[in-house]
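**Q** Attaching a single structure in structure tokens format; questions to follow.
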Amino acid sequence: MLFNSPLFAIFLAIVLIGVWAFRIYSIKYNQLSAGINRLKGLKIVLFLIILSAVFYAAWNPLYLLLLLWVSLFDFWIARVIYRSVSSTRKRIYLVISLGNSLGILIWFKYSLFIAENMAIIGLNMGSYMPIFQSIVLPVGISFYTFQSISYVVDVYRGELPPEDSYPNYLLFLLFFPQLVAGPIVTAKSFLPQIRRSFAFSDLPLAFGFFLILLGLFKKLILADHLALPSDYAFQNVKQLDSLSLWIGLLSYSFQIYCDFSGYTDIAQGSALMLGYQLPENFRMPYLSKGFSEFWTRWHISLSSWLRDYLYIPLGGNRLGRLLTIRNLVLVMVLGGLWHGASWNFFIWGFCHGLLLVLERFFRSSSVRPPIPFEYVSNVLMISFTFFAVTILWIPFRSPNFETSLWYLQGLFVKNAEFSLPYSYQMNFFYSFILITIGHFFGKRVFNTNEQMLDLFKKHAFSKGNLGFLGFSYAIVLILIVLYSAEGLPFVYFVF
């Protein structure tokens, strides 16, 4: 069930009507005892669990059992860790939990990759290869396993008490807006939202719908149109000239941003209309003035997870320069492999790690430019960061290492006389203009979702503007329907 499909619109409407009905009913009887009010909250949780399970089972009902196992196991073992007095036992139970979650993730996502590489070095895997080749990757497994790991680790650290209600914990992993492609949510931020009560009038419905429209615009008007030149370029690397390959690469750079941030906008908007707030996942990353800043703006929930649950436990930057280099490179390599089991993702993560190391070295020895030249310096840093990040999308997008080399060579050596079709060039040109306007407006008016919501509360929600707001929504929705490209799956669904 894709976010950009009419079926999801119907599904979301059913969920919203059901949850709103529970909320209004609870408000009507808000004088009831606390126990009965908790029962009302449980009904909302169970309703969301059932419909989230339906949403997930639309791909493959069998893999819903896998998610249930992860949730049951970690819900139980977190309570065992919390009750254990011995620190040694706590560590043993933590290792068991990590072994369960990571073992499942490795089996489904990396077993074929491991087996193929073992065969390359001479180990006989012939009789086992059919088993590995038959494994189907469960949708969203990279996201819900990371969320469950963070919960157990937080309980182990003493930063979070174990959850008393299994339905609450199951909803934390199964919540449909972010189940398939994030953002990655921590139990510390989500579980308290399940337990809190609020008035139906407190729901930011208009802003939530705005985020859904924004996400659909990014996906259907921008990303899916940009997919045409980028797919054509990567499928015809040897036949196209350098200019066409640059257009194709830039198209993919903007496509993956619009596609993934569009998904996040729809997820955040859907969750807000249900009364839940998901973390911000993108903050205009292509305006970053360096690679460390880029990773505080791009896929923020993943980079924050890697920082809190991998980089800092490894020692971060507290153990000297050599170990800091090791930690940066290792974390980025694992972040690359998190996206997929291939050497291309390894190279992508390794190169990002090297860039972070080089940036740390040069910044520690650099001198801030004089104020008159600071603006020029910022422009140059933004341009260089965008250029390097875009070049590194080549191994990320390419199906294999050979294609990556051909593409990289073709960017700088005119290896053919064929060009992209004119219509594909126009797709890139018009999309680039819209993205530039959007970034300029966003940079001038707001930088975060909180600032955007404040702007809505200040201007859009006043009585005189509600009619205009509804009319604007209708116009944007019509434009999305009229000018959307052929609906494609979201890029991050495969991760």
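The values are calculated or read from the model by the stated rules, or taken from the named source; none is laboratory data. If you're wondering where the values come from, they're calculated on a predicted model, not measured in any experiment. Virtual Cβ from ideal backbone geometry, glycine too; neighbours counted across all protein chains shown. Accessible surface areas use protein heavy atoms only, side chains included; no ligands, DNA or RNA. Shrake-Rupley method; radii C 1.70, N 1.55, O 1.52, S 1.80 Å.
**Q** Could you give the dipole magnitude of the stretch 207-314 about its Cα centre, charging the beta-carbon of Lys and Arg +1 and that of Asp and Glu -1, in debye to the nearest 20?
**A** Result for the stretch 207-314 is approximately 140 debye, rounded to the nearest 20.
**Q** Also, I was wondering about something else. Compute the distance in nm between two label points, each set 7 Å from the Cα along the Cα-to-Cβ direction, one at TYR483 and one at ASP164.
**A** Rounded to a tenth, the inter-label distance reads 5.3 nm.
**Q** Three principal axis extents, largest first, for the C-alpha atoms of the stretch 126-268, in Å?
**A** 60, 55, 25
**Q** With a sphere of radius 15 Å drawn around the Cβ of PHE75, what net charge do the other residues whose Cβ falls strictly inside it have (Lys, Arg +1; Asp, Glu -1)?
**A** Residues close to PHE75 contribute a combined charge of -2.
**Q** Can I ask one more? Set the Förster distance to 30 Å, then compute FRET efficiency between VAL136 and LEU7 from the Cβ-Cβ distance, nearest 0.05.
**A** 0.85
**Q** Next question. About the Cα centre of the stretch 125-246, what is the dipole size in debye to 20, counting +1 per Lys and Arg Cβ and -1 per Asp and Glu Cβ, all else neutral?
**A** 40
**Q** With every protein chain kept in place and ligands, DNA and RNA left out, what is the accessible area per residue of the chain? Probe 1.4 Å, answer in Å².
**A** 48
**Q** Right, here's the next one. I'd like to compare 169-176, 333-340: which one has the highest average count of other Cβ atoms within 10 Å, and what's the full order after that?
**A** Top to bottom by mean Cβ count within 10 Å: 169-176, 333-340.
**Q** Within the chain, which whole H helices from DSSP have a Cα span along their axis of at least 27 Å and a mean Kyte-Doolittle hydropathy of -1.0 or more, if any?
**A** Span-like helices in the chain: 6-28, 34-57, 62-83, 87-120, 242-274, 321-339, 343-364, 371-397, 422-445, 463-483.
**Q** Which aspartates and glutamates does LYS238 reach when only Cα atoms under 17 Å apart count, and residues fewer than 8 places away in its own chain are ignored?
**A** Within the straight-line limit of under 17 Å, LYS238 reaches these aspartates and glutamates: GLU402, GLU417.
**Q** Report the trypsin sites (Lys or Arg not before Pro) located in the stretch 246-337 that are in a DSSP loop and have at most 10 other Cβ atoms inside 10 Å of their Cβ, or state none.
**A** Those that pass, being in a loop and sparsely packed, are ARG318.
**Q** Let me ask something additional. Take the Cα gyration tensor of the chain, multiply each eigenvalue by 5, square-root it, and list the three semi-axes largest first, rounded to whole angstrom.
**A** The three semi-axes for the chain are 36, 31, 24 Å.
**Q** Let me know the charge dipole size of the chain about its Cα centre in debye, to the nearest 20, where only the beta-carbon of Lys, Arg (+1) and Asp, Glu (-1) is charged.
**A** 1480
**Q** Picking from ALA187, PHE176, LEU203, whose Cα lies most toward the positive end of the charge dipole for the stretch 157-269 (charges on Cβ: Lys, Arg +1; Asp, Glu -1)?
**A** The one lying farthest along the dipole's positive direction is ALA187.
**Q** Quick one: pull the percent of accessible area on the chain belonging to carbon and sulfur, 1.4 Å probe, ligands and nucleic acids left out.
**A** 69
**Q** Expected output is a single nm value to one decimal: the length gained when fully extending between GLN277 and ALA58, i.e. 0.36 nm times separation in residues minus the C-alpha distance. What is it?
**A** 76.4 nm
**Q** Set Lys and Arg Cβ to +1 and Asp and Glu Cβ to -1, take the dipole of the chain about its Cα centre, and tell me which of TYR309, ILE437, PHE108 lies farthest positive.
**A** In the chain, that residue is TYR309.
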